[in-house]
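Encoded as structure tokens, the structure appears first; notes follow it.
Where a number appears in this text, it was derived from the coordinates with a stated rule and is not lab data. A quick note: this is a predicted structure, and the numbers were derived from the prediction, not measured. Cβ placement follows ideal geometry from the backbone for every residue including glycine, while neighbour counts extend to all protein chains displayed.
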Amino acid sequence: MDIHHCIIIGSGPAGYTAAIYAARANMHPILFTGAEPGGQLMITTEVENFPGYPNGIHGPQLMDDLQKQAERFETQVRYEKITGVDFTGPIHKVWTESGEVISAHAVIISTGASAKWLGIDSEKRLMNKGVSACAVCDGFFFKGKEVAIVGGGDTAAEEASYLAKLCPKVHLLVRKDHMRASKIMQERVQNTANIQIHWNSETVEILGEDGVTGIRIRDVKNSTVSEIPVSAFFVAIGHSPNSQPFHGWLDMDDQGYLVTKPGTTQTNVAGVFACGDVQDRIYRQAVTAAGTGCMAALDAERYLTNSGII
């Protein structure tokens, strides 16, 4: 049985950056892309906040560049999903969707997190045409325009506050008559003059053909329907970390994000590291994911060196 130095589970900025560093350290990594090669950036059009691209770059092109860079240093990229793991011993095993068992001394997990969506047809139709799950990523494109954001937690409150610095008016749609956000975040939103909170409101439809032109909302108490003209619609109802294969093996928080030791990417299992959005519930940016991917590869290299494997 071949035992590899390093397996990377998941692509995206974290996974490919980990692969670049691991490959350059002669760890001969095998990267499994997962069901969504390239991660969330594959459904992102213009990326203007990733360093090194002064004119911006399309998300799929950025991921293609990162993959080619990883492959340049002989990373083996496999377009498969990992369905199960066994972390009981020093030799870690992973199962591919085709049933193959791969063994390695070190495993880097970079499976990311998926945004939660409302599930309405117009949301899908206008994705990247004014519909976004990241105000920090895409808010700048709508500077000086009226926008809407849906959600009632800290993330929605934070992103509404961010948008309020760019846009003349922000419509915050909250389904209940109260917010789940922390008291300080609620006060910040309610004290921001250009944020209008629409209580007891649910989104019926996002209007527009080639771009968002407005939203149709329903009052959940009296069923009245109204329309609001906006140029963008942001969804901030949470993310789901893609950590399902690791349940029962790795420590997670109450939302399923992998827990790492402070200042490192080390999980509770020796030789298993986590990077990117699967362990980051706060920042969730491509550049921070890439940074933790670098950290994971360096941590894995140090682990393999100290173990006398390389």
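Between Met42 and Asp210, the simple spin-label model (points 7 angstrom out along Cα→Cβ) gives 2.8 nm. Placing +1 on each Lys and Arg Cβ and -1 on each Asp and Glu Cβ, with no other charges, gives the chain a dipole about its Cα centre of roughly 580 debye. Place +1 on the Cβ of every Lys and Arg and -1 on the Cβ of every Asp and Glu in the chain, take the dipole about the Cα centre, and give the residue among Thr83, Gly153, Ala25 whose Cα lies farthest towards its positive end. Highest projection toward the positive end goes to Gly153. The ranking of Ile195, Ile215, Ile184 from fewest to most other beta carbons within 10 Å of each one's beta carbon is Ile184, Ile195, Ile215. Rounded to whole numbers, the Karplus 3J(HN,Hα) couplings from phi for region 112-126 are x, 9, 9, 5, 8, 10, 6, x, 9, 4, 5, 5, 5, 5, 9 Hz, using 6.51 cos²θ - 1.76 cosθ + 1.60 with θ = phi - 60°, and x at Gly and Pro. For the chain, Cys6, Cys167, Cys275, Cys294 have no disulfide-compatible partner, since no other Cys C-beta lies under 4.7 Å from theirs. For chymotrypsin sites (Phe, Trp or Tyr not before Pro), the sites in region 80-139 that DSSP calls loop and that have at most 15 other Cβ atoms within 10 Å are Trp117. Multiplying the residue separation of Arg24 and Ser103 by 0.36 nm and removing their Cα-Cα distance gives an extension gain of 26.4 nm.
At full extension, Thr305 and Thr88 could sit 76.0 nm farther apart than now, given 0.36 nm per residue minus the alpha carbon distance. Were the residues from Asn55 through Val259 laid out at 0.36 nm apart, the gain over their Cα-Cα distance would be 69.9 nm. With a Cα cut-off of under 16 Å and a minimum spacing of 8 residues unless on different chains, the lysine pairs in the chain number 9. Only Lys, Arg, Asp and Glu carry charge here, each on its Cβ (+1 for the first two, -1 for the last two); on that basis region 117-235 has a dipole of about 220 debye about its Cα centre.
If you take all C-alpha pairs in the chain, what percent of them are over 37 Å apart? Every Cα pair in the chain considered, those over 37 Å come to 23 percent. Tell me the trypsin sites (Lys or Arg not before Pro) within region 78-186 that lie in a loop according to DSSP and have at most 13 other beta-carbon atoms within 10 Å. The qualifying sites are Lys143, Lys165, Lys176. Put simply, the amide H of Ser114, placed in the peptide plane, has neighbours under 5 Å in Ser240, Asn242, leaving out anything fewer than 5 places away on its chain. Rounded to the nearest 5, the antiparallel percentage of DSSP beta bridges internal to region 1-107 is 50%. Since only Ile197, Ser223, Met252 are under comparison, the one whose Cα sits farthest along the positive direction of the charge dipole of region 193-278, derived from C-beta charges on Lys, Arg, Asp and Glu, is Met252. In this calculation the C-beta distance from Ser223 to Leu166 is compared with R0 = 41 Å, giving a FRET efficiency of 0.80.
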